[in-house]
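Have a look at the structure below before the remarks.
The values are calculated or read from the model by the stated rules, or taken from the named source; none is laboratory data. The shown structure was predicted, so the numbers you read here are calculated from the model rather than taken from an experiment. Virtual Cβ from ideal backbone geometry, glycine too; neighbours counted across all protein chains shown.
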Amino acid sequence: MAKCELTGKIPQSGNNVSHAKNRNKRKFKLNLQKVSFWSSKLNKKISITAATSAIRDIDKAGSFDSYLIKANNSYLSNKLQKVKKEIISNS
């Protein structure tokens, strides 16, 4: 299933609405990218599938580690929850 590992975003469904207000079902797909981030606290690369909005949030936070520490566990994938625990225990 297409899902962002950082934010938990998934594709949504909705309607295309014409000028005559005819409605046709459609999917709103995510702009997912396969990226790898360097964890300075773990000294290794972590490869994930993330939405571009999440990638911008990481840039705004300053580093992957600082974003992950502040992130809510309910949105993170199981893989990233384990990485977050490692980062916190290494601090």
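Structure values in brief
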| read-out | value |
| --- | --- |
| Number of the exception - residue 26 against (1) more than 30 Å from residue 15 (Cβ to Cβ); (2) without any contact (Cβ under 8 Å) to a residue 40 or more places away in the chain; (3) in contact with a Ser or Thr (Cβ under 9 Å, 6 or more places away or on another chain) | (1) |
| From 10, 69, 48, residue being at negative phi, part of a helix (DSSP H, G or I) and of a type outside the set (S, T, N, Q) | 69 |
| Options 61, 51; residue that is surrounded by 12 or more Cβ atoms within 10 Å (Cβ to Cβ) and under 12 Å from residue 6 (Cα atoms) | 51 |
| Near pairs, Cβ below 8 angstrom, 6+ apart or cross-chain, from region 62-79 (free of Cβ contacts under 8 Å to residues at least 40 places away in the same chain) to any residue that is of a type in the set (Lys, Arg) | 65/41; 68/84; 69/84; 73/84 |
| Residue 37 vs. criteria without any contact (Cβ under 8 Å) to a residue 40 or more places away in the chain and touching a helix residue (DSSP H, G or I) at 6+ places or on another chain (Cβ under 6 Å) | yes |
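So that you can scan it fast, the table gives a plain yes or no per residue for (1) under 19 Å from residue 85 (Cα atoms); (2) surrounded by 15 or more Cβ atoms within 10 Å (Cβ to Cβ); (3) modelled with pLDDT of 95 or more; (4) among the acidic types (Asp, Glu):
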| site | (1), (2), (3), (4) |
| --- | --- |
| 5 | yes, yes, yes, yes |
| 12 | no, no, yes, no |
| 22 | no, no, yes, no |
| 29 | no, no, yes, no |
| 32 | no, yes, yes, no |
| 55 | no, yes, yes, no |
